[in-house]
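To keep things clear, I will list the structure first and then write my remarks on it.
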Amino acid sequence: MILLDTHIWVWYLSDSSALDNHTKRTIADNAGGGFAVSMISYWEVAKLVEVQRIHLSQPVETWLNTALSHSNIQAINLTTRIIVESTQLPQPFHRDPADQIIVATARVLGIPMLTMDGKILAYPHVQTL
């Protein structure tokens, strides 16, 4: 299983051309193992729609409900362990709380992350693909 960062998840479900070839290949090569998405990513999408940083093809609630039913993607609920881990990440790590929770989720579950976020890719304390 691979944890998808929020932007990867949105682009994957919308078949966006924003996905680079490496990411498309990684998704295709690992589709059989399934993907995970932190519930904080669901909140993050709603916030991005609210502030008009992204536009979806459907109302946000409809889009999120459809995303929740996607058979190849498992929603990962926030747990006490993930929340605490997000506040105790080895430093330095940037202050974005959503990124902290997503990285903590990958660390707690012991699974790699798929991201194109340079800050996360440069962080040595989480496995990225």
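Since every read-out is calculated from the coordinates, none of them should be taken as a lab result. None of these values were measured; they are calculated from a predicted model.
Descriptive notes on the structure:
- When the Cα atoms of region 2-121 are aligned to their principal axes, the ranges along those axes come out at 37, 33, 25 Å in descending order.
- Sequence-distant contacts, meaning Cα pairs under 8 Å at least 6 residues apart, place the relative contact order of the chain at 31 percent.
- In sequence order, calculated HN-Hα J values of region 73-78 (Karplus, 6.51, -1.76, 1.60; Hz; x Gly/Pro): 10, 9, 6, 9, 6, 6
- Long-range amide H partners of ILE76 with built H, under 5 Å: VAL37, SER38, MET39
- Cα gyration tensor shape of region 71-120, rounded if a/c is under 1.5, else prolate or oblate by comparing a/b with b/c: oblate
- Across region 16-26, coupling constants 3J(HN,Hα) worked out from phi with the 6.51/-1.76/1.60 Karplus curve, θ = phi - 60°, read 6, 6, 5, 6, 6, 4, 4, 5, 4, 5, 4 Hz, and Gly and Pro carry x.
- Across region 53-59, rounded Karplus estimates of 3J(HN,Hα) from the backbone phi angles (6.51 cos²θ - 1.76 cosθ + 1.60, θ = phi - 60°) give 8, 9, 10, 9, 6, 9, x Hz, Gly and Pro being marked x.
- Put simply, the amide H of THR128, placed in the peptide plane, has neighbours under 5 Å in MET113, leaving out anything fewer than 5 places away on its chain.
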